[in-house]
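Chemist: Have a look at the structure that comes next, please.
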Amino acid sequence: MISERFDRRTLANMEIALERACAVLSTGSDKHRARRHIASRIIRCADGGHRTLGSLTAAAMGAAHELRARRKRKTAKPSSPAVGNRVSA
């Protein structure tokens, strides 16, 4: 269990980092999945010995920005048809 792996201060820092990163994401149907992704990055950071609030928040924000970039790529549509798809009259 995670509470057995880290001390109370680290757990508090992890929770703050998670909430800060989730605050920059819009709420949506995949909110739980996003929180899990961010939390896994925070845990990986803490497991690596980086347990300050700053380092945990940086890891969390990096994961949040990664998720936002993925969402933008999914919703981005080409502005014009590809040259090979044009039909000549």
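The values are calculated or read from the model by the stated rules, or taken from the named source; none is laboratory data. The shown structure was predicted, so the numbers you read here are calculated from the model rather than taken from an experiment. As a convention, Cβ positions derive from the backbone with ideal geometry for all residues, glycine included, and neighbour counts pool all protein chains shown. Heavy atoms of the whole protein, side chains included, go into the accessibility calculation; ligands, DNA and RNA do not. Shrake-Rupley method; radii C 1.70, N 1.55, O 1.52, S 1.80 Å.
Chemist: Determine if the range 66-79 includes at least one residue that is at pLDDT 90 or above, open to solvent by less than 60 Å² (accessible area, probe 1.4 Å) and under 17 Å from Ile2 (Cβ atoms).
Modeler: no
Chemist: Of all residues in the range 6-30, which are closer than 21 Å to Arg71 by Cβ and open to solvent by less than 100 Å² (accessible area, probe 1.4 Å)?
Modeler: Residues satisfying the conditions are Ala17, Leu18, Glu19, Ala21, Cys22, Ala23, Val24, Leu25, Ser26, Gly28, Asp30.
Chemist: Among the residues in the range 49-57, are any under 13 Å from the mean Cα position of the chain (by Cα) and either under 11 Å from Ala17 (Cβ atoms) or open to solvent by 40 Å² or more (accessible area, probe 1.4 Å) (or both)?
Modeler: Yes, because at least one residue in the range 49-57 is under 13 Å from the mean Cα position of the chain (by Cα) and either under 11 Å from Ala17 (Cβ atoms) or open to solvent by 40 Å² or more (accessible area, probe 1.4 Å) (or both).
Chemist: Kindly list, by first and then second residue, each pair from a residue in the range 1-25 that is farther than 12 Å from Ser55 by Cα to a residue that is part of a helix (DSSP H, G or I) and polar (S, T, N, Q), limited to pairs with Cβ atoms under 8 Å and residues at least 6 apart or on different chains.
Modeler: Within 8 Å, the pairs are Leu11/Ser3; Arg20/Thr57; Ala21/Thr57.
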